[in-house]
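Structure, as structure tokens:
What follows is calculated from the coordinates using simple rules that are stated; it is not laboratory data. All of these numbers come straight from a predicted model, not from anything done at the bench. No Cβ is skipped: glycine too gets one built from the backbone with ideal geometry, and neighbour counts run over all protein chains shown.
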Ligand code: UD1
Ligand code: MG
């Protein structure tokens, strides 16, 4: 039977106390509603309809990339009323699956069970057993144990409130039957709304079969109505994704301290330290190590590569055995070939760096194409050769040399440049960052030292001249 999915997303979400519509509140960096649309699409349905209303344009804009049909519910008169809007476009011979935009962790396997039961002609509702039942509809059974109704928390009697078999809100049914049950809905309840849940009593009355399928994981049916529940859902999501990574062979320093906000693929023996954020499409090949406090987004990192603490890698392709960081920033459109080293306080943007090249310290490499075996340096330091107290600064800039021979050539090049700068009167004055007072003081000290050494040499000469 053809499947039509209806996702309810028109509600305001008053309990959120937020300007952002509830279904756009972020879970793992994506709107709640996007999570639901993705799982709906995984069922390969004929259509996915999203019933929208509150914050309409904002909701549509946020999901503009998703292939869904939009159904307007101009006034939010309840979940039953919302489904009625979509039924205008769904043929009788389809199976309808109703999902909620605020129940984001639902899994494909449970939905398939619901759809299978509805394909067989029943009204299938997804239930769950939870200790904390606040806010959930209670599933009421008759003395024979058959489902007879769903009673909303706000409308339940004290006896009914003790029921721990709860309604997830999600259900599937043959479209023709659902249409008929919906026509029988009223709004005679505490919220003056048309409750979708009342179709259960309608189906029972019409002699139709109602089955309750228990969700395998309680987290699947967690509804998000306030910020506390949003945080609880985030925690549950984080734990589930961390478990997936561990089952795929990753070692996590602490599964509670990783944030996974996208589609992450890991190879064997990947190690991820604490406070790492992985977002978008991230691929970490076998043996990759990610240090603490790193953010990796939309990037692939080749086997054996290591990203050291406090580094950011964004939309980059990193080949095997590279070393990045600590404190490095690899920006979009960067390609690092194998064995590249990007060191501390190095920023690389839209550049391709050839195999074995290194930019180890304090550099910016932008829109560049650097060959292999290149060592890029931008350093300020006191060279060892200056230990004779000559405090003139030396500026090392960019060497493009391969291997050890290159390093020697680079040193010679810097020596020549230094000599040139030092021999040019005033040439270093502007570049000398020492305060003028300090400079004068050091120059005076130098003069004193020189005259003292002249005295010393005169004294030494006098000693030499003394008869033996
Ligand atoms: C609903 C169920 C309750 C279930 C709980 C599980 C009803 C009457 N109650 O209650 O049995 O235990 O979910 O999370 O269905 N919406 C619309 N249009 C409307 C009203 C709501 O599109 O007019 C959408 C909301 O945006 C939301 C979803 O329907 O995505 C559920 O609405 P909500 O108000 O959160 O219902 P609950 O009180 O949580
Ligand atoms: Mg809800």
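How would the range 1-133 be classified by its alpha-carbon gyration tensor: rounded, prolate or oblate, with rounded meaning a/c under 1.5 and the a/b versus b/c comparison settling the rest?
prolate
Whole angstrom only: what separates the Cα centroid of the range 187-260 from the Cα centroid of the range 147-166?
Value for the Cα centre distance between the two parts: 18 Å.
Using alpha carbon centroids, what distance separates the range 70-93 and the range 324-340, in Å?
Taking the Cα centre of each part, the range 70-93 and the range 324-340 sit 50 Å apart.
Pairs of Cα atoms under 8 Å, at least six residues apart: use those to get the relative contact order of the range 249-380, whole percent.
Relative CO of the range 249-380 lands at 13 percent.
Rounded if a/c is under 1.5, else prolate if a/b beats b/c, else oblate: with a ≥ b ≥ c from the C-alpha gyration tensor eigenvalues square-rooted, which is the range 154-194?
Because a/c hits 1.5 or more and a/b fails to exceed b/c, the range 154-194 counts as oblate.
With a cut-off of 8 Å between alpha carbons and a minimum separation of six or more residues, what is the relative contact order of the range 125-258 in percent?
25
Sorting 166, 183 on the 10 Å Cβ count, fewest up front, what's the list?
183, 166
Normalising by the residue count of the range 111-183, find the relative contact order in percent from Cα pairs under 8 Å and 6+ residues apart. Walk me through the numbers before you get to the answer.
Values: 109 pairs, mean separation 29.6, N = 73.
That works out to 40 percent.
Efficiency by 1/(1 + (r/R0)^6): what FRET value for residue 75 and residue 227, r their Cβ-Cβ distance, R0 = 22 Å, to the nearest 0.05?
Numbers: r = 26 Å, r/R0 = 1.18.
Efficiency, rounded to the nearest 0.05: 0.25.
Length gain on complete extension for the stretch residue 372 to residue 205, per 0.36 nm per residue less the alpha carbon to alpha carbon distance?
The residue 372-residue 205 span can extend by a further 52.4 nm.
Using 0.36 nm per residue of separation minus the Cα-Cα distance, give me the extension gain between residue 239 and residue 157 in nm, one decimal.
Going from the current span to full extension adds 25.9 nm.
Can you tell me how much longer the chain between residue 119 and residue 254 gets when fully stretched, taken as 0.36 nm per residue apart minus their C-alpha distance, in nm with one decimal?
Extending this stretch completely gives an extra 44.3 nm.
Return 19, 259 ranked ascending by Cβ neighbour count within 10 Å, so the fewest neighbours appear first.
19, 259
Sort 351, 300, 42 by Cβ crowding within 10 Å, fewest neighbours at the top. Before the final figure, lay out the partial values.
Values: 351 21, 300 18, 42 12.
Final ranking by Cβ density, sparse to dense: 42, 300, 351.
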